[in-house]
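Undergrad: Take this structure first; my questions come after.
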Amino acid sequence: MIRTGIIGLGKMGISHCAILGAHQDINLVAVCDASSLVLEAFKKHSKYQCFSDYKRMIDSTELDAIVIASPTRFHDEMVSYALEKGLHVFCEKPFSLEYAKGKELAKRAKQLNLVNQVGYHNRFIGTFIEMKRLLKGGVIGPVYHFLAESYGPVVLKESNSTWRSKPAEGGGCLYDYASHTIDLVNFLLGRPVKVSGTQLKMVFSKNVEDAVYATLTLESGISGQLSVNWSDETHRKMNTRITAIGKRGQLIADATELKIYVTAENSTLNLEKGWTIKNITELAGNVNFYLRGEEYSAQIDYFINAIKSKSVENKSSFENACQTDQLISMLQADGAGNY
């Protein structure tokens with residue numbers, strides 16, 4: 001059994017707690033949060049040791065692994081301390097508000113041969129996994145353009161300010177929302193290395209952007225558009241969609257379906273000319289515990305299996321996350337003055 005603790009018992013921390021608490025390979029030993037109200041509830045209704053100080057929890061409970069789901073500004077110090085104590089680390093996204101610090105943590109985790117993963121859950125959704133497989137197989141021919149989009153109703157009022165909309169705590173739409181979209185581009189199409197024409201738009205927020213629009217260029221030379229807005233109330237919840245346009249067709253994927261258009265029949269993949277739609281119900285994998293979508297459990301299962309197999313190769317590693325953080329810093333620099 002892998003002795004595990006959780007730091008941060010907000011929305012994602014509670015979700016991770018439910019998944020880990022039910023996992024056959026996990027002994028969830030302890031939880032930590034700054035809220036006395038939350039801790040009192042856990043003391044009353046759970047068997048876990050409860051702490052308000054994460055260092056004290058790590059030092060006194062002989063953990064093998066830690067899940068960090070705290071506000072982003074605490075990630076650097078918490079990840080650093082966990083690595084220092086020899087723990088495998090799963091950290092919620094975004095990884096770090098400072099690219100240089102995140103890069104150093106990624107380097108240290110690799111040197112220590114510790115499993116390291118960041119919670120970019122879209123990499124574990126069946127529609128995006130299938131899109132990656134089809135792209136790798138060249139089903140739509142050479143890709144020459146892409147569109148990466150995310151929209152949702154996070155900040156809809158001037159007074160609706162939380163830690164997510166403070167530059168030094170959450171980082172705004174770029175870090176909290178666009179990071180998902182950029183990471184998916186990296187996962188599906190290749191690493192973005194150049195940005196241009198960045199527009200950072202304040203809609204309701206006073207200190208951070210609520211929307212970002214830019215052109216991204218990949219290592220391969222392919223360029224495409226990034227369009228993200230967390231002040232869009234036309235969406236009930238966050239919706240992320242990636243469109244890849246190739247010489248012989250298109251692929252359009254979100255969390256619920258994958259649309260495939262090919263200009264000629266592909267008998268190998270059983271695709272007729274024109275549109276084929278695959279729903280998530282036929283692409284989702286099996287997980288140990290279903291909660292808020294199979295991807296949240298799938299990413300934790302992946303983390304646990306990496307620990308069990310002693311494999312530090314990870315498809316959502318600190319290093320991958322640093323690439324996203326680096327691109328965000330490039331977008332901030334390119335968009336400076338364009339608020």
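The values are calculated or read from the model by the stated rules, or taken from the named source; none is laboratory data. All figures in this text were calculated on a predicted structure; none of them were measured in a lab. We place every Cβ from the backbone using ideal geometry, glycine too, and count neighbours over all the protein chains shown.
Here's the yes/no breakdown for (1) within 30 Å of I19 (Cα to Cα); (2) hydrophobic (A, V, I, L, M, F, W, C):
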| site | (1), (2) |
| --- | --- |
| D210 | no, no |
| T215 | no, no |
| E219 | no, no |
| G224 | no, no |
| D232 | no, no |
| R241 | yes, no |
| I260 | no, yes |
| E272 | no, no |
| S311 | yes, no |
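Undergrad: A further question on this structure: Please note which strands (runs of 3 or more DSSP E) are completely contained in the range 86-163 and include at least 2 residues that are surrounded by fewer than 22 Cβ atoms within 10 Å (Cβ to Cβ).
TA: Details: elements: 88-91, 116-118, 143-151.
Qualifying strands (runs of 3 or more DSSP E): 143-151.
Undergrad: Give me the residue from the range 305-320 that is assigned to a loop (DSSP other than H, G, I, E, B) and either modelled with pLDDT of 95 or more or under 16 Å from P94 (Cα atoms) (or both) and, out of that set, nearest to the chain's Cα centre (by Cα). It would help to see each step written out before you state the result.
TA: Going residue by residue through the range 305-320, those that are assigned to a loop (DSSP other than H, G, I, E, B) are 310-317.
Then keep just the ones that are either modelled with pLDDT of 95 or more or under 16 Å from P94 (Cα atoms) (or both); that gives 315-317.
Details: K315: 11, S316: 8, S317: 10 Å.
Here the answer is S316.
Undergrad: Considering only residues of the range 226-260 that are more than 13 Å from V143 (Cβ to Cβ) and of a type in the set (S, T, N, Q), which is farthest from the chain's Cα centre (by Cα)?
TA: T234
Undergrad: From the set of residues in the range 16-60 that are hydroxyl-bearing (S, T, Y) and surrounded by fewer than 17 Cβ atoms within 10 Å (Cβ to Cβ), which is nearest to E295 (Cα to Cα)? Explain how you work it out, then say what you get.
TA: As a first pass, look at the range 16-60 and keep what is hydroxyl-bearing (S, T, Y): 35-36, 46, 48, 52, 54, 60.
Remaining after also requiring surrounded by fewer than 17 Cβ atoms within 10 Å (Cβ to Cβ): 35-36, 46, 52, 60.
Values: S35: 28, S36: 30, S46: 25, S52: 29, S60: 32 Å.
In this case the residue turns out to be S46.
Undergrad: For the range 164-241, please list each of the strands (runs of 3 or more DSSP E) lying entirely inside it that holds at least 3 residues being under 23 Å from S96 (Cα atoms) and among the hydrophobic types (A, V, I, L, M, F, W, C). Step through it out loud before you land on a result.
TA: Working: elements: 192-201, 211-218, 223-229.
Of the strands (runs of 3 or more DSSP E) lying wholly inside the range 164-241, those with at least 3 residues that are under 23 Å from S96 (Cα atoms) and among the hydrophobic types (A, V, I, L, M, F, W, C) span 192-201, 211-218.
Undergrad: Look at the range 270-311 and say how many of its residues are in contact with a helix residue (DSSP H, G or I) (Cβ under 7 Å, 6 or more places away or on another chain) and of a type outside the set (S, T, Y).
TA: 14
Undergrad: Could you say whether any residue in the range 31-42 is touching a helix residue (DSSP H, G or I) at 6+ places or on another chain (Cβ under 8 Å) and in contact (Cβ under 8 Å) with a residue 40 or more places away in the chain?
TA: Within the range 31-42, the subset touching a helix residue (DSSP H, G or I) at 6+ places or on another chain (Cβ under 8 Å) is 31-33.
Checking the rest, the ones that are also in contact (Cβ under 8 Å) with a residue 40 or more places away in the chain come to none.
Looking for residues that are touching a helix residue (DSSP H, G or I) at 6+ places or on another chain (Cβ under 8 Å) and in contact (Cβ under 8 Å) with a residue 40 or more places away in the chain, one finds none in the range 31-42, hence no.
Undergrad: Given (1) surrounded by fewer than 20 Cβ atoms within 10 Å (Cβ to Cβ); (2) modelled with pLDDT under 95, where does S205 come up short, assuming only one miss?
TA: The failed condition is (1).
Undergrad: Follow-up question, since we're still on this one. Among the helices (runs of 4 or more DSSP H) lying completely within the range 11-70, list those that include at least 3 residues that are touching a strand residue (DSSP E or B) at 6+ places or on another chain (Cβ under 7 Å), assigned by TED's automatic domain parsing to the domain that holds G86 and over 24 Å from V312 (Cα atoms).
TA: Working: elements: 11-21, 36-45, 54-61.
Qualifying helices (runs of 4 or more DSSP H): 36-45.
Undergrad: Kindly indicate whether any position in the range 289-296 is touching a residue at least 24 places away in the same chain (Cβ under 8 Å), surrounded by fewer than 20 Cβ atoms within 10 Å (Cβ to Cβ), under 27 Å from V193 (Cβ atoms) and under 19 Å from the mean Cα position of the chain (by Cα).
TA: no
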